[in-house]
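A short write-up of the structure that comes next.
What follows is calculated from the coordinates using simple rules that are stated; it is not laboratory data. None of these values were measured; they are calculated from a predicted model. Cβ atoms come from the backbone with ideal geometry, glycine included; neighbour counts cover every protein chain shown.
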Amino acid sequence: MNAEQAWQATLGQLQMEMSKPAYDTWVRDACLLSCEGENIIVGVKNAYICDWLETRLIDTITRKVTALMERPMLVHFIVNTKDQSSEQENPDTVLTQRVQINPCNHNTLNGRYTFSEFVVAGNNRLAHAAALSVVENPSHSYNPLFIYGDVGLGKTHLLQAIGHAIQEAGRRVLFVTSEEFTNDLICAIMGHSTTEFREKFRTIDVLLVDDIQFIAGKDSTQEEFFHTFNALHDQGKQIVITSDRPPRAIGTLELRLRSRFEWGLIADLQPPDYETRIAILNRKTERMGRLIPDEVIDLIARCIQNNIRELEGALNRLCAYADLIGAVIDQALAKTALSDYITQQQSVNPEHIMGVVANAFGVEMDRLVGRERTQDIALPRQVAMYLLREETHQSLPQIGQTLGGRDHTTVMYACDKVAGLIENDDRVRSRIIAIREQLYARASLPV
Ligand code: ADP
Ligand code: MG
């Protein structure tokens with residue numbers, strides 16, 4: 001069997017073995033891009049699919065292809081953004097075209113992602129300070145600097161801000177996503193140009209790698225990255241890495257890489273609190289030259305809490321909607337334009353929050369609203385107040401009511417205290433992240 005036949009047969013077998021939704025989501029659109037020697041390159045639509053296949057299915061696929069081709073094969077997945085639907089040409093030319101398209105011309109920094117556009121607040125203060133210190137004193141302060149946080153919290157922005165500042169200082173900087181690194185490496189292997197590849201990555205002053213989590217499970221990429229890392233680090237060059245989780249939580253990351261990622265400083269980005277969301281929205285509206293009433297800003301900030309990209313998206317959507325229908329932006333218009341976000345928000349109701357908090361701390365719900373003031377109930381109660389303030393539309397007095405008729409100043413004190421703990425106490429912070437995840441995990445289930 002040739003590679004294309006083997007690949008089609010593999011797809012056929014997978015279709016029989018997997019559920020239809022799983023097959024359609026992860027496998028159906030994967031296509032054979034090239035086969036050279038023992039290497040089979042399969043293109044997929046995006047990084048998530050690539051990641052999923054790398055972690056869940058690579059062994060199965062390798063086994064099948066190897067059996068069908070009757071010789072040991074190595075399967076590589078790469079993100080192939082070129083549209084595949086409109087191609088009718090001779091498959092051979094398509095293959096070479098695709099492979100030639102793949103080496104990325106990166107190093108394109110987004111002009112908007114600078115330090116001056118980055119709003120600094122409690123949720124990102126540490127990461128921001130570390131980023132600045134890397135710019136002022138590359139490879140002396142923290143090397144590597146490892147920044148992690150959920151999607152939409154500013155990792156790419158901060159990383160690129162470092163890139164701009166380093167470039168302005170006249171140093172050579174290379175910004176890549178870990179998929180670009182992988183793609184480049186594969187192309188270098190296929191094109192017998194690994195020396196150029198190494199040179200490109202090892203003759204710079206600062207290497208910025210975005211979303212490193214995607215190299216987990218990719219053995220040859222990890223191997224190459226390990227050597228790149230060492231070569232740069234040994235020459236005293238700065239490395240900054242971002243990820244959606246801390247090194248220890250990246251499954252199938254080689255131990256030696258993980259330990260290197262932990263050599264320097266690990267800084268996290270947390271979801272922005274209410275004040276930060278307001279500050280970011282105000283900054284964006286200023287930049288857009290828009291006048292938007294405070295109550296509308298407040299509405300957006302309350303609706304969207306865990307993702308700054310969505311926060312911006314909501315603002316843009318509202319402005320576009322207002323322009324489209326030629327109306328002035330007010331609360332009523334905002335409610336219409338943002339109705340999707342608002343219904344989503346309402347699914348986290350106060351009782352649900354209280355239940356999840358009580359459960360997380362192992363205390364009974366009625367103790368949260370009770371009169372007791374012992375230490376073991378004080379913190380859960382304060383966390384409940386904080387989350388009610390952050391995650392619902394309740395006012396301070398309403399939150400006081402929900403928690404057994406407490407005064408609004410008590411609620412305010414609790415919110416400040418918990419916000420302070422989140423900033424300074426890793427244990428409390430990770431606990432609250434876990435509680436938040438649980439809140440949304442349940443809320444997003446279809447009813
Ligand atoms: P991530 O890489 O963590 O998914 P991004 O860096 O792409 O997130 O940020 C998402 C959007 O939110 C970007 O448009 C970015 O400019 C904006 N953003 C994130 N953090 C901030 C901040 N602190 N101040 C201003 N804008 C921010
Ligand atoms: Mg990003």
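Normalising the average separation of contacting C-alpha pairs (under 8 angstrom, six or more residues apart) by the number of residues puts the relative contact order of region 266-386 at 19 percent.
The Cα center of region 196-244 and the Cα center of region 393-441 differ in position by 40 Å.
Net charge around residue 307, counting only other residues with Cβ within less than 11 Å of its Cβ (Lys, Arg = +1; Asp, Glu = -1)?
Working: positive: 277, 309; negative: 150, 310, 312.
Residues near residue 307 contribute -1 overall.
Excluding residue 375 itself, what net charge comes from residues whose Cβ is under 14 Å from its Cβ, given Lys and Arg +1 and Asp and Glu -1? Charge balance in the 14 Å sphere: +2. For region 178-323, averaging the sequence separation of C-alpha pairs within contact (under 8 Å, six or more residues apart) and dividing by the residue count gives a relative contact order of 18 percent.
Centre-to-centre separation between the Cα atoms of region 291-339 and those of region 47-82: 43 Å. Pull out a ≥ b ≥ c, the square roots of the eigenvalues of the alpha-carbon gyration tensor of the chain, then state rounded if a/c is under 1.5, prolate if not and a/b is larger than b/c, and oblate in the remaining case. In terms of gyration-tensor shape, prolate. Placing unit charges on each Cβ (+1 for Lys and Arg, -1 for Asp and Glu) gives region 1-79 a dipole about its Cα centre, and among 35, 74, 13 the Cα reaching farthest toward its positive end belongs to 13. Quote the charge dipole size of region 1-67 about the Cα centre in Debye, to the nearest 20; the model charges only the Cβ of Lys and Arg (+1) and of Asp and Glu (-1). Result for region 1-67 is approximately 220 debye, rounded to the nearest 20.
Count the net charge of all other residues whose Cβ sits under 12 Å from the Cβ of residue 255, scoring Lys and Arg as +1 and Asp and Glu as -1. If you can, show how the numbers build up before the last one.
Details: positive: 248, 256, 258, 260; negative: 254, 262.
Charge balance near residue 255 sits at +2.
Among the trypsin sites (Lys or Arg not before Pro) in region 103-161, those placed in a DSSP loop whose Cβ has at most 12 other Cβ atoms within 10 Å are 112. Taking every C-alpha pair closer than 8 Å and separated by at least 6 residues, the mean separation divided by the residue count of the chain gives a relative contact order of 12 percent. For the chain, lysine pairs separated by 8 or more sequence positions, or belonging to different chains, with Cα-Cα distances below 29 Å total 24.
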